[in-house]
Amino acid sequence: MLTSSGQAANYYAVFNICEAGDHVVMSSTVYGGTFNLLTVTMKKMGIEFTFVAPNCTDEELAAAFRPNTKAVFGEVITNPTVSILDIEKFARVAHKHGVPLIVDNTVGVGLVRPLEHGADVIAASATKYVGGHGTAIGGYIVDSGKFNWGNGKFANFTKPDPSYHG
């Protein structure tokens, strides 16, 4: 899905899964604009976030879950600190809890293929790749096809299409 900006992509990726009263586990090293969008704006909408370090253990990540957790969110390569998210670990723990892993892959476009490492939804800014200087703004969301949106459960954990290079 194309969006008006990268932040709109992040917003819709989370908001299409969550509603007031829901909870998201989120890596603590995300872009400042994303941090504000999710933890300030979406908090006003009744969605709560718990932060975990991107290098946390499986046990520390699992401890952040609540009965109302609907998703896990992280940034593949963070802006501006260039921290790397362990996509496979975050996906493994998210899937054990029956929720999708949403990743922002803005910096990783062309470098990392998150769906091949277990991510379920990719959100990203296209602005940097359209012009890089803000004269054209856009974003996008890619769904792996593994999440059954009708019942909020995973349909299966099959590998994504290897020809996709997002």
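The values are calculated or read from the model by the stated rules, or taken from the named source; none is laboratory data. Only a predicted model underlies this, so the values are computations on that prediction, with no experimental measurement involved. Cβ coordinates were reconstructed from backbone atoms using ideal geometry, including for glycine residues, and neighbour counts include every protein chain displayed. Protein only, heavy atoms only, side chains kept; ligands, DNA and RNA dropped before computing areas. Shrake-Rupley method; radii C 1.70, N 1.55, O 1.52, S 1.80 Å.
Take the alpha carbon gyration tensor of region 1-86, find the square roots of its eigenvalues, order them as a ≥ b ≥ c, and report rounded if a/c is under 1.5; if not, report prolate when a/b exceeds b/c, else oblate. Don't skip to the end; give the middle numbers.
Working: a/c = 1.86, a/b = 1.08, b/c = 1.73.
Since a/c reaches 1.5 but b/c is at least a/b, the shape of region 1-86 is classed as oblate.
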For the chain: lysine pairs under 25 Å (alpha-carbon distance), excluding those fewer than 8 apart on one chain
15
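Around V30, under 11 Å between beta carbons, what's the net of Lys plus Arg minus Asp minus Glu among the other residues?
Neighbour charge sum, excluding V30 itself: -2.
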Could you provide, to the nearest whole Å², the per residue accessible area of the chain with probe 1.4 Å?
48 Å²
Over all pairs of different Cα atoms in region 79-141, the reciprocal of the mean inverse distance gives a Kirkwood radius in Å of 12.6 Å
Rounded to whole Å, give me the distance from the Cα center of region 1-60 to that of region 62-77.
9 Å
At 1.4 Å probe size, with the rest of the protein present, what percent of the exposed accessible area of the chain is carbon and sulfur atoms?
57 percent
Computed [θ] at 222 nm, deg cm²/dmol, the chain (DSSP H ≥ 4; -39,500 (n - 2.57); rounded to nearest 500)
-5500 deg cm²/dmol
Rounded to the nearest 20 debye, what is the charge dipole size of the chain about its Cα centre when +1 sits on each Lys and Arg Cβ and -1 on each Asp and Glu Cβ?
180 debye
Rounded, prolate or oblate, given the Cα gyration tensor of the chain, with a/c below 1.5 counting as rounded?
rounded
Between beta-carbons, use under 11 Å as the cut-off and find the net charge around V72, counting Lys and Arg +1, Asp and Glu -1.
+3
